[in-house]
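> Here's a structure for you.
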Amino acid sequence: MDIDKLWNIFLEKIKTKISKISYDTWFADSKLYKIVDNKAIVVVSMHIQKKNLKENYNDLIEEVFTEISGSNFKFDYLLEEEIENNIEINTDEIGVPNNNFETNLISKYNFDNFVVGESNKFAHATALAVAENPGQMYNPLFIYGKSGLGKTHLMHAIGNYIVQNKNKRVLYVTCERFVEDFIGITRKKNKNNFDNVEIFKKKYRDIDVLIIDDIQYLGNANQTQQEFFNTFNDLYGNNKQIIISSDRSPEDLKLLEERLLTRFNWGLTINIFPPDFDLRMHIIDNKIESNMLNSSFPKDVKEYIASNCTGDIRKLEGAITRVVAYATMMNGSDITLSLAIEALQDYFSKTIISKNKIDQVQQIVANHYNIKVEDLKSKKRVSTIAFPRQIAMYICRIILEEPLTKIGIEFGGKDHTTVMHSVDKIKKQIKKDQNFEFEINKLINQIK
Ligand code: ADP
Ligand code: MG
């Protein structure tokens, strides 16, 4: 039974039973992960989705699924990261023979939907080169970068590409899974221990490409490192491709043995950097487009999200889904900047630390001109307030280099064109008035 097909049929059916926006938000990106006995496991991307499916849609889902499959299934819902992190139910542990051998690849992570920008173009190009020539170009390929920058996505993209274009066996595992599998064989010592060892070896050596994610979790368990070392040597010696990711560079992997680090450096090490504003905007567009949400997503909302999610693409995606979910809960109201700000209040509050800098500038300027910070954020147009407001915006833009949209928001929800206009005006004033420039510099010097 092809479960992807089955799920597509199911989705078509569900579509006719609920509204489009509900479908798009809760079902469109769902996947049937696997079926074990009478249990079906569905994977979704966000918590609210998991919760909602479980609590509000489960009956409908079971009913429709029974209708098309002809038998009764109980449903369970998991997040992608729960699967990546293997918090899954232990169903097909190593040892279950599988004709369609296990790859663990997630098909939705591919090269087509990996958006390329300055910060990741080298990583992307190298990944593609390895996908086209597994075992020949760079071996091992070591990708590192902070969380949420696309390492896992790229690794799956390589794996999927190889499976589709080459007749090769690929195995993707998280480092934790590798460790668990290894611990599994040592634990089951009494019961046919021998078989388990064989199965482990078969799983990890009878392949052409081993992708191992988040190697930093290999930790300092000596035996596991030893086993990884053996696996590595065996694969490497047979010209099999090894792809490794980590949240830090090999040099910073303090717990790993020297000889393993040496081996990582035999191949190519690439760094993936945080996305710049442009790339963040592109990723947002891409995400909206692929979920067919674009009609209702205004530009200032995108800019708001892009300005506030600077370092983590996962967070960026989360922001989009949260806004959509929020609009749905508000009875399908239009997505506007104020709705987005409301929806993302808690979501961002944890991350916006640099906001304090804007606060600081507002405080300094307000003190200097003897007005209140609230005045700066108000709509008041008297020049005794409007002028200091322009100065404060100018400093936030030129000195703090904050995005226009963000400045607008921090000044009581002004449009970014208003900010731009203020910045220009102060710039001109500084050009023609040296004393004024001096005054501004004094303010800037007060920023800590
Ligand atoms: P990491 O493994 O580095 O922590 P992931 O690969 O899990 O990060 O990426 C987090 C999320 O961001 C994923 O949903 C992924 O699809 C998405 N993502 C990351 N980089 C890109 C990109 N360049 N284009 C599109 N989506 C991306
Ligand atoms: Mg990852």
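The values are calculated or read from the model by the stated rules, or taken from the named source; none is laboratory data. All figures in this text were calculated on a predicted structure; none of them were measured in a lab. Glycine gets a Cβ as well: all are built from the backbone with ideal geometry, and neighbour counts include every protein chain shown. The accessibility values were calculated without ligands, DNA or RNA, using every heavy atom of the protein model including side chains. Shrake-Rupley method; radii C 1.70, N 1.55, O 1.52, S 1.80 Å.
> Can you tell me which residues in region 374-403 are free of Cβ contacts under 8 Å to residues at least 24 places away in the same chain and not β-branched (Val, Ile, Thr)?
Glu374, Asp375, Lys380, Arg381, Ser383, Ala386, Phe387, Pro388, Glu401, listed by residue number.
> Only one of these is within 16 Å of ligand 2 (Cβ to nearest atom) and at pLDDT below 90: Asn86, Asn52, Asn110, Asn100. Name it.
Just a single option satisfies the conditions, and that option is Asn86.
> Here's something else I'd like to know. Residue by residue through region 201-223, note down the ones that are part of a helix (DSSP H, G or I), within 16 Å of ligand 2 (Cβ to nearest atom) and open to solvent by less than 10 Å² (accessible area, probe 1.4 Å).
Result: Ile215, Leu218.
> So Asp195 ticks every box in (1) within 22 Å of the chain's Cα centre (by Cα); (2) open to solvent by 20 Å² or more (accessible area, probe 1.4 Å) but one. Which box is left unticked?
Unmet condition: (1).
> If you scan region 137-159, which residues turn out to be in contact with a strand residue (DSSP E or B) (Cβ under 8 Å, 6 or more places away or on another chain) and either near ligand 2 (Cβ under 10 Å from one of its atoms) or under 19 Å from Arg314 (Cβ atoms) (or both)?
Those that are in contact with a strand residue (DSSP E or B) (Cβ under 8 Å, 6 or more places away or on another chain) and either near ligand 2 (Cβ under 10 Å from one of its atoms) or under 19 Å from Arg314 (Cβ atoms) (or both): Ile143, Tyr144, Gly145, Lys151, Thr152, Leu154, Met155, His156.
> Please work out which residue is modelled with the lowest pLDDT, limiting yourself to region 7-46 and to residues that are buried (at least 16 other Cβ atoms within 10 Å of the Cβ) and among the basic types (Lys, Arg).
Lys34
> If you check Lys357, Lys406, Lys380, Lys448, which single one turns out to be assigned to a loop (DSSP other than H, G, I, E, B) and either under 36 Å from the mean Cα position of the chain (by Cα) or not charged (D, E, K, R) (or both)?
Sole residue among the options that is assigned to a loop (DSSP other than H, G, I, E, B) and either under 36 Å from the mean Cα position of the chain (by Cα) or not charged (D, E, K, R) (or both): Lys448.
> Still on this model: Applying the selection to region 134-147, what residues are within 15 Å of ligand 1 (Cβ to nearest atom) and either open to solvent by less than 10 Å² (accessible area, probe 1.4 Å) or part of a helix (DSSP H, G or I) (or both)?
Leu141, Phe142, Ile143, Gly145
> Out of the residues in region 109-119 that are over 16 Å from Asn165 (Cα atoms) and more than 8 Å from ligand 1 (Cβ to nearest atom), state the one that is least open to solvent (accessible area, probe 1.4 Å).
Looking at the filtered set, the residue picked out is Ser119.
> For the structure I just gave you, tell me whether Ile305 is among the hydrophobic types (A, V, I, L, M, F, W, C), in a helix (DSSP H, G or I), free of Cβ contacts under 8 Å to residues at least 40 places away in the same chain and closer than 17 Å to Glu402 by Cβ.
yes
> Out of (1) touching a Ser or Thr at 6+ places or on another chain (Cβ under 9 Å); (2) modelled with pLDDT of 95 or more, what's the single condition that is false for Pro388?
Status for Pro388: all satisfied but (1).
> Please go through (1) away from ligand 2 (no atom under 16 Å from the Cβ); (2) small (Gly, Ala, Ser); (3) open to solvent by 10 Å² or more (accessible area, probe 1.4 Å) for Ala131 and return the number of the only condition it doesn't satisfy.
Of the numbered conditions (1) away from ligand 2 (no atom under 16 Å from the Cβ); (2) small (Gly, Ala, Ser); (3) open to solvent by 10 Å² or more (accessible area, probe 1.4 Å), the odd one out for Ala131 is (3).
> Looking at (1) more than 14 Å from ligand 2 (Cβ to nearest atom); (2) at pLDDT 95 or above; (3) part of a helix (DSSP H, G or I); (4) open to solvent by 20 Å² or more (accessible area, probe 1.4 Å), can you tell me which one Phe122 breaks?
(2)
> Let me ask you something else. Output the residue which, of all residues in region 224-261 that are in a helix (DSSP H, G or I) and among the hydrophobic types (A, V, I, L, M, F, W, C), is farthest from Glu198 (Cα to Cα).
Filtering region 224-261 for residues that are in a helix (DSSP H, G or I) and among the hydrophobic types (A, V, I, L, M, F, W, C), the one farthest from Glu198 (Cα to Cα) comes out as Leu261.
> Can I ask one more? Within region 164-180, is there a residue that is touching a Lys or Arg at 6+ places or on another chain (Cβ under 6 Å), of a type in the set (Val, Ile, Thr) and open to solvent by less than 70 Å² (accessible area, probe 1.4 Å)?
No, region 164-180 has no match at all.
> For region 263-293, name all the residues that are in a helix (DSSP H, G or I), more than 30 Å from Lys240 (Cα to Cα) and either more than 16 Å from ligand 1 (Cβ to nearest atom) or open to solvent by less than 40 Å² (accessible area, probe 1.4 Å) (or both).
Result: Leu279, Arg280, Met281, Ile283, Ile284, Lys287, Ile288.
> So Gly318 fits all but one of (1) open to solvent by 30 Å² or more (accessible area, probe 1.4 Å); (2) closer than 17 Å to Ser45 by Cα; (3) within 17 Å of the chain's Cα centre (by Cα); what number is the exception?
(1)
> Restricting attention to region 330-337, does a residue exist that is closer than 27 Å to Cys396 by Cα, modelled with pLDDT of 90 or more and within 16 Å of ligand 1 (Cβ to nearest atom)?
No: zero hits.
> Can you run down the residue pairs with Cβ atoms below 6 Å, 6 or more apart or on separate chains, where the first is in region 64-82 and closer than 15 Å to Lys54 by Cα and the partner is within 16 Å of ligand 2 (Cβ to nearest atom)?
Leu78/Val43
> Of all the residues that make up region 214-248, how many are in contact with a strand residue (DSSP E or B) (Cβ under 7 Å, 6 or more places away or on another chain) and either among the hydroxyl-bearing types (Ser, Thr, Tyr) or under 20 Å from Glu132 (Cα atoms) (or both)?
Summing the residues that are in contact with a strand residue (DSSP E or B) (Cβ under 7 Å, 6 or more places away or on another chain) and either among the hydroxyl-bearing types (Ser, Thr, Tyr) or under 20 Å from Glu132 (Cα atoms) (or both) in region 214-248 gives 9.
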